[in-house]
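Working notes, beginning with the structure itself.
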Amino acid sequence: MLELRQATYRYAGYARPVVHEVDLRVDDGEIVGLVGANDSGKSTLCLVASGLAPASIGGELKGTLTLDRTPAAGLRTYQLAERVVIGFQNPNTQRSGIAATVFEEIALGPINLGLPVTETVARTREAIARLRLEPIVQQDPQRLSGGQSQLVAIASLLAMRPRHVILDEPTAQLDPAGTQLVGEALHALAAAGTSLLVAEHKTDLLEGLCDRVVALDAGRIVLDGPAGRVLGDPGLVALGVEPPSHVRLGRSAAAAGVDPARIDVALQ
Amino acid sequence: MTTEPRSFVFDLERRGLSPRFAFVAAATLEAVPAMVERAGVIASAQRARGLDTEGSVSARIRGVLPLVGPVIVSSLTEVEERSLALEVRAFGRPGRRQLLWRIPDSRGQLVVRVVMLLGLAAAIVSRLTGTFPSLP
C-alpha cells in the first residue's frame, strides 16, 4: 500500500508548490490511473509518490508518504528502490549506458540489489518473458526502436520485483500492440499484489487497466473515483483530458440526435 | 583493442574497485559513441536550416562552432533524469554486487603478467643499483 497524506511539494528554488494537499492511497493489487492536462502536476505527483522528490531531487515536501506502513521520509534512494520504482516517459534517459545487451540492461537493477547470480538471472528472465522481449535480448540497448526501448525500460523496473510501481506515461512511444503488452504486464503485477499508479494521456488504456482514476488540475485532485465514472465525467474535457473514444462517440451521437444507448449496444 | 573496455572495467570491480567508479569508467567509454551520434543529429538539423559545414578549413571550423552549445546543453539536460533512473535501480547501494560476467583469466595470461611484473621489478632494481646495462 502506498499512501500520500496532505502532500504539498515545492521544487527547490521555486516559491510556489506544484502539488497541493494531495491525499492519495493505492492499495495492494490496485491500479490507479492519473490524468490531467500538461502542467497539471502529474509528473511531479509521480516523483513525490516515488519518494525521489525530495529524497533525490531536493525541494520541500509537507505531508507524508507511507510505503507499506513505513514512512518514506529519511529513506535513502537505494532503500526507496527496494520498495518503489518509477518509470519515466523518455526511455533513452532510462538506459544505464553501460550494458552491452538488453539482458544485461534488465539485469542491472537486480545486480545492484546485491542478489545472487541465480536470482538475478531468474528475475531478468521473468521480466523478459512478461514483455515478450526474447527476440531482442542479445541486442545492443542503444540500437533499439523507441517502442522497444520503452518496453526494455519497463522490464528493467519489473526485474526489481517492486511492491509499488509508478509509471509516468509508460506507453508514450508504443504502438497499439506494445501498449496492450504493457497493459497485460501491469495487470499481472496487480494480480500478484503490487500497487500501481499510472499517469497517462491514453484514457482508452486507463479505462481497461485501472480500478480507479484520479484527475489533477493545477496540482490538486479534482476527481477521484471508479475508472468508468471519472473517465465519463462531463467535467473531464474542461480539465484538458480527452475522454475515452466510446465516451466521445456517445456524446457526438447525442449531439447529433442519435440515442447513445443504441451505440453502446452496437459496440458491444 | 584486444580487451573490451567494459570487460576491463568489470574485472576491476571484481577485484575490489568501487561500483561507482566502475560505472563512471564504463559510462564514459560508452558515452563517446552516443555523443558522436547526438552531434551528427544536431549537425543534420542545423544543415537542414541552412548551416554551411562544407568548404574551406576555416569555413568548416566556423560551421562546427554552432554545434558545440546544443551538443553540450542537450547532454546536460538529460543528466537529472538519467541519475533518477539509476537510483530507481538501486544504484549506489552499499555492499558488494554479484556480477553476471566472469572474465576468463587463463594460466598463460597469469604467467605473462607475473613475468612482466618481475621484469619491471628487476629493471627498477638494476637502475637504482646502477647495474642497468647502458646502451652504447
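Of the residues that make up segment B:45-56, is at least one surrounded by 11 or more Cβ atoms within 10 Å (Cβ to Cβ), of a type in the set (Asp, Glu) and either modelled with pLDDT under 85 or within 22 Å of A:Gln94 (Cβ to Cβ) (or both)?
Checked against the condition, which is being surrounded by 11 or more Cβ atoms within 10 Å (Cβ to Cβ), of a type in the set (Asp, Glu) and either modelled with pLDDT under 85 or within 22 Å of A:Gln94 (Cβ to Cβ) (or both), segment B:45-56 yields at least one hit.
Looking only at segment A:5-28, count every residue that is of a type in the set (Ser, Thr, Tyr) and under 25 Å from A:Asp68 (Cβ atoms) and tell me the total.
Summing the residues that are of a type in the set (Ser, Thr, Tyr) and under 25 Å from A:Asp68 (Cβ atoms) in segment A:5-28 gives 2.
Within the group B:Phe8, B:Phe23, which residue is under 21 Å from A:Asp140 (Cβ atoms), at the interface with chain A (Cβ under 9 Å from one of its Cβ atoms) and part of a helix (DSSP H, G or I)?
B:Phe23
Going by what's in this entry, would B:Ser75 be described as surrounded by 10 or more Cβ atoms within 10 Å (Cβ to Cβ), within 29 Å of B:Phe10 (Cβ to Cβ), among the hydroxyl-bearing types (Ser, Thr, Tyr) and modelled with pLDDT of 85 or more?
Judged against the criteria, B:Ser75 is not a match.
All but one of (1) under 20 Å from the mean Cα position of the chain (by Cα); (2) at negative phi hold for A:Arg251, so report the exception by its number.
(1)
Report, by residue number, each residue of segment B:87-103 that is farther than 12 Å from A:Leu80 by Cβ, within 7 Å of another protein chain (Cβ to nearest Cβ) and free of Cβ contacts under 8 Å to residues at least 24 places away in the same chain.
If the condition is that a residue be farther than 12 Å from A:Leu80 by Cβ, within 7 Å of another protein chain (Cβ to nearest Cβ) and free of Cβ contacts under 8 Å to residues at least 24 places away in the same chain, then B:Gly95, B:Arg96, B:Gln98, B:Leu100 are the ones that fit.
So which residues in segment A:74-87 are in contact with a strand residue (DSSP E or B) (Cβ under 7 Å, 6 or more places away or on another chain) and farther than 19 Å from B:Glu80 by Cα, if there are any at all?
Across segment A:74-87, the qualifying residue is only A:Arg83.
Tell me whether segment B:111-126 contains one or more residues that are of a type outside the set (Asp, Glu) and at pLDDT below 80.
no
Has segment A:159-177 got any residue that is of a type in the set (Gly, Ala, Ser), surrounded by fewer than 18 Cβ atoms within 10 Å (Cβ to Cβ) and in contact (Cβ under 8 Å) with a residue 40 or more places away in the chain?
Among the residues of segment A:159-177, at least one is of a type in the set (Gly, Ala, Ser), surrounded by fewer than 18 Cβ atoms within 10 Å (Cβ to Cβ) and in contact (Cβ under 8 Å) with a residue 40 or more places away in the chain, which makes the answer yes.
Scan the strands (runs of 3 or more DSSP E) fully inside segment A:141-242 and keep the ones with 1 or more residues being of a type in the set (Ser, Thr, Tyr) and farther than 12 Å from A:Gly33 by Cβ.
The strands (runs of 3 or more DSSP E) meeting that bar are A:195-199.
Quick one: in segment A:89-99, which of the residues that are of a type outside the set (A, V, I, L, M, F, W, C) and over 20 Å from A:Leu189 (Cα atoms) is farthest from the other protein chains (Cβ to nearest Cβ)?
Only one residue tops the list, namely A:Pro91.
Under the condition of being part of a helix (DSSP H, G or I) and of a type in the set (S, T, N, Q), which residue from segment B:78-134 is nearest to A:Glu119 (Cα to Cα)?
B:Ser83
How many residues are more than 20 Å from A:Tyr78 (Cα to Cα), within 9 Å of chain B (Cβ to nearest Cβ) and touching a residue at least 40 places away in the same chain (Cβ under 8 Å) when one looks only at segment A:100-135?
Qualifying residue count for the region: 1.
I need the full set of residues from segment A:60-88 which are of a type in the set (D, E, K, R), in contact with a helix residue (DSSP H, G or I) (Cβ under 9 Å, 6 or more places away or on another chain) and either crowded, with 19+ Cβ neighbours inside 10 Å or within 11 Å of another protein chain (Cβ to nearest Cβ) (or both), in order please.
Hit for segment A:60-88 is A:Arg76, nothing else.
The values are calculated or read from the model by the stated rules, or taken from the named source; none is laboratory data. Here the structure is a predicted model, which is why all the values come from computation and not from measurement. Virtual Cβ from ideal backbone geometry, glycine too; neighbours counted across all protein chains shown.
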